[in-house]
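Just so you know, all these numbers are worked out from the coordinates, no wet-lab data involved. Keep in mind the model is a prediction, meaning the values are calculated, not measured. Glycine also receives a Cβ, built like all others from the backbone with ideal geometry; neighbour counts cover every protein chain displayed.
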Amino acid sequence: MASNLSGGKVAIVTGGGTGIGKAAALALLRDGWRVAIAGRRKEPLDEVVTESGAGGRALPVPTDVTDPASVEALFAATVKAWGRVDLLFNNAGVGAAAAPIEDLPLEQWKRVVDTNLNGMFYGIQQAFRVMKSQSPMGGRIINNGSISSHAPRPHSIAYTATKHAVTGMTKTAALDGRKYDIAVGQIDIGNAATELAARMAKGVPQANGEIAIEPLMDVNIVGQSILYMANLPLEANVLFHTVMATKMPFVGRG
């Protein structure tokens, strides 16, 4: 596979139409990257392209990460446009409504597993296939782990289980990627000011049963963290990076 670096390095961002994915895509585009922005709905992707002002360096690609063929098509479209893939920000994810374990609907469990675990694996697999065959060989994968890859919230078994599994995938892919110059790391994000996390500012259940308001940080700080990890030379890797509001109640007794 031929190299095509004249227009800047090439990234794929899944879940790129809103929230953390949007912040990451915009940070990369403003830094001169070419970015394929993937998400289920075309309209938000087009809005990110317009907001970025990046013209032909931004490629909206409607994608369903739960469908292996759709993920394969995303990588094919990116390679067709720009010849290679230097970065995958494996970001797409969903949660389930908070519920006691015994009451969690099985369809919600399966939806979370299919997106957060299976979908992330499909992205890793396609990235490996492309990155090992391109010239120069190699690239970087950043998986979105979440604070929930370390510690659960009450009534969150589906989300927490899948995010713990992401850590296992990150470690294994980091090991298996060495021989192909593929650096694999994980970003664990605390409460960022997105639509998904807006409920934190209204008060959420704590481990001791209380309801507490939790601090939020600007989502663009997360975009800068992704950019930092992305711009490292492939000889260096941030295996795990945690970024959160300084006063978020994560470290300490619950």
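In the structure displayed, which of 80/132; 163/247; 110/247; 202/247 lie more than 27 Å apart, Cα to Cα?
Long pairs (Cα-Cα over 27 Å): 110/247.
Rg and Dmax of segment 117-194, based on Cα coordinates, read 13.9, 47 Å.
Across the chain, Cα pairs under 8 Å and at least six residues apart give a relative contact order of 19 percent. This ranking places 216, 59, 234, 28 by how few other beta-carbon atoms lie within 10 Å of each, fewest first, which gives 234, 216, 59, 28.
With neighbours defined as other Cβ atoms within 10 Å of a residue's Cβ, the residues 63, 50, 194, 78 order from fewest to most as 50, 194, 78, 63.
Check the straight Cα-Cα distances from residue 9 and name the aspartates and glutamates below 15 Å, setting aside those fewer than 8 residues away within the same chain. Partners within reach: 31, 86. Farthest toward the positive end of the dipole of segment 10-243, out of 59, 83, 152, is the Cα of 83, where the dipole comes from beta carbon charges about the Cα centre. Footprinting exposure proxy ranking of 84, 199, fewest other C-beta atoms within 10 angstrom first, gives 199, 84. Based on the inverse mean of 1/r over its pairs of different Cα atoms, what is the Kirkwood hydrodynamic radius of segment 63-118, in Å? For segment 63-118, inverting the mean 1/r across all distinct Cα pairs yields 13.2 Å. Take segment 10-243, drop everything but the C-alpha atoms, weight them equally and run the Debye formula without solvent; then report log10 I(q)/I(0) at 0.12, 0.16, 0.18 Å⁻¹ to two decimals. These q points yield log10 I(q)/I(0) values of -0.62, -1.11, -1.40.
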